[in-house]
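Notes follow the structure.
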Amino acid sequence: MLSVCILGSTGSVGSQAIEVARSLSLPVTGLSTWSNVRLLAEQAREFRPRACAVGDPRMAGDARNLLRELPGAPQLFVGTEGLSELASMAEHEIVLNAVVGFSGVYPTLAAIEAGHDVALANKETLVAAGSIVMERARRRGVSIRPVDSEHSAIWQCLAGQDRQSLSRLILTASGGPFRDKVDLSDVTREQALAHPNWRMGPKISVDSATMINKALEVVEAHWLFDASPDIIEIAVHRESIVHSMVEFVDGSVIAQMGAADMRTPIQYALTYPKRCEGLAQKLDFAELGTLTFAAPDAARFPGVLLGHQALQLGGVAPAAMSAANEAAVDRFLRGTLRFCDIAPVVAEAMHRSVDGGELSLRGIVEADGQARQFVEERCGGCTRSLS
């Protein structure tokens with residue numbers, strides 16, 4: 001059976017990956033968390049991995065104490081370097097990266113250099129460092145398998161197709177919790193986290209609410225499928241049944257459909273090219289009724305345009321967009337930035353990045369840091385709670 005290392009195993013996607021691994025009886029050879037060491041220890045007790053990692057060095061002591069009590073106590077790695085060490089271990093056949101944030105870039109690169117296929121749920125890996133990651137994957141002969149439902153859908157729709165006949169990639173979007181809300185000036189943290197269709201973590205839930213998640217996905221699709229930004233479009237599809245579509249030059253459109261359940265794309269990334277019995281509910285088309293599609297409202301959700309703009313600017317602009325968004329969402333979740341100010345702040349940081357930064361890992365890291373610093377300085381006066 002395929003041995004899998006699950007990075008970010010205590011988060012939303014990681015926890016669902018745990019469910020998939022359990023249902024398929026997959027050997028889990030590595031697990032990691034940022035700071036939820038108690039859940040990490042519970043997972044390690046069940047799966048008995050060879051090693052674990054904890055991202056937050058402050059939690060290393062607690063993690064060691066919990067893990068040493070387990071039968072065959074796993075080796076513990078600590079910090080960002082520890083995540084990369086874990087990802088590069090020879091025991092894994094595939095590494096599922098569900099780490100949130102720019103720190104996920106490093107273990108992706110480490111897994112690639114070790115010759116492991118990567119099931120990728122970490123958006124920043126391709127948004128910030130897509131050219132570097134895909135080039136290294138090609139050089140090492142490993143596959144980058146998308147876990148996001150939208151990119152998994154496109155991946156499945158393109159299987160066996162002539163890429164030269166591709167006309168459009170159509171990423172679907174639920175529209176988030178505010179698709180019918182006109183005034184976004186008073187949005188609260190709780191409202192932004194209440195997604196109507198998907199079970200997700202706080203950061204991606206806010207990204208869905210601002211629709212910046214689609215901007216990030218445009219950049220990811222560009223790198224994953226070697227597609228020009230000009231042929232990547234977004235369609236609002238409230239029901240989250242059609243996960244994305246591809247159109248060919250003859251006008252034929254192929255769509256991938258399924259329940260709004262992340263366990264399906266997670267499982268496909270792990271079992272590809274095989275398909276196994278899944279955990280998601282099967283669709284009842286008689287009960288579904290109507291499926292709707294609409295253009296995104298860029299006036300209310302200007303963040304939806306940022307991905308195309310970042311690719312047009314080129315260089316380190318996508319990295320700056322990703323980093324500024326991460327910092328701005330964190331500010332919003334802490335109550336020191338208004339929801340409606342997230343996209344404008346991200347756009348400003350992205351455009352400021354154009355003058356500097358070579359397209360290298362070092363340049364990307366510098367652009368990432370500068371974008372975060374800009375958001376902190378821009379929002380420095382926002383100290384009182386806005387919610």
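The values are calculated or read from the model by the stated rules, or taken from the named source; none is laboratory data. Every value quoted in this text rests on a predicted model; they were computed, and no experiment measured them. Glycine gets a Cβ as well: all are built from the backbone with ideal geometry, and neighbour counts include every protein chain shown.
For the reader, a short list of remarks on this structure follows.
- In region 86-100, the residues that are surrounded by fewer than 24 Cβ atoms within 10 Å (Cβ to Cβ) and either touching a Phe, Trp or Tyr at 6+ places or on another chain (Cβ under 9 Å) or more than 26 Å from Glu150 (Cα to Cα) (or both): Ser88, Met89, Ala90, Glu91, Val100
- In summary, Gly380 fulfils each of the numbered conditions (1) out of contact with any Lys or Arg (no Cβ under 9 Å at 6 or more places or on another chain); (2) within 29 Å of His243 (Cα to Cα); (3) free of Cβ contacts under 8 Å to residues at least 24 places away in the same chain; (4) not in a helix (DSSP H, G or I) with the single exception of condition (2).
- Scanning region 131-148 for residues that are more than 25 Å from Met262 (Cα to Cα) and among the charged types (D, E, K, R) returns Glu135, Arg136, Arg138, Arg139, Arg140.
- Of all the residues in region 149-185, those that are among the hydrophobic types (A, V, I, L, M, F, W, C), under 26 Å from Arg263 (Cβ atoms) and outside any loop (DSSP other than H, G, I, E, B) number 8.
- Check on Ala280, closer than 17 Å to Ala128 by Cβ and either surrounded by fewer than 23 Cβ atoms within 10 Å (Cβ to Cβ) or out of contact with any Phe, Trp or Tyr (no Cβ under 6 Å at 6 or more places or on another chain) (or both): no
- Region 192-216, subset of a type in the set (D, E, K, R) and out of contact with any Ser or Thr (no Cβ under 9 Å at 6 or more places or on another chain), residue nearest to Gly160 (Cα to Cα): Asp207
- Residues that are modelled with pLDDT of 95 or more and among the acidic types (Asp, Glu) were ranked within region 58-85; the one that is surrounded by the most Cβ atoms within 10 Å (Cβ to Cβ) is Glu85.
- Exactly one residue among Ala153, Ala137 is surrounded by fewer than 24 Cβ atoms within 10 Å (Cβ to Cβ), in contact with a strand residue (DSSP E or B) (Cβ under 6 Å, 6 or more places away or on another chain) and either hydroxyl-bearing (Ser, Thr, Tyr) or within 29 Å of Met245 (Cβ to Cβ) (or both), and that residue is Ala137.
- Helices (runs of 4 or more DSSP H) wholly inside region 1-71 containing at least 1 residues that are more than 25 Å from Lys274 (Cβ to Cβ) and more than 23 Å from the chain's Cα centre (by Cα): 37-47, 60-67
- Selected residue (criterion: surrounded by the fewest Cβ atoms within 10 Å (Cβ to Cβ)) from residues of region 321-375 that are aliphatic (A, V, I, L, M) and not in a helix (DSSP H, G or I): Leu359
- Subset of region 294-308 that is outside any helix (DSSP H, G or I) and among the hydrophobic types (A, V, I, L, M, F, W, C) - its residue that is nearest to Asn213 (Cα to Cα): Phe301
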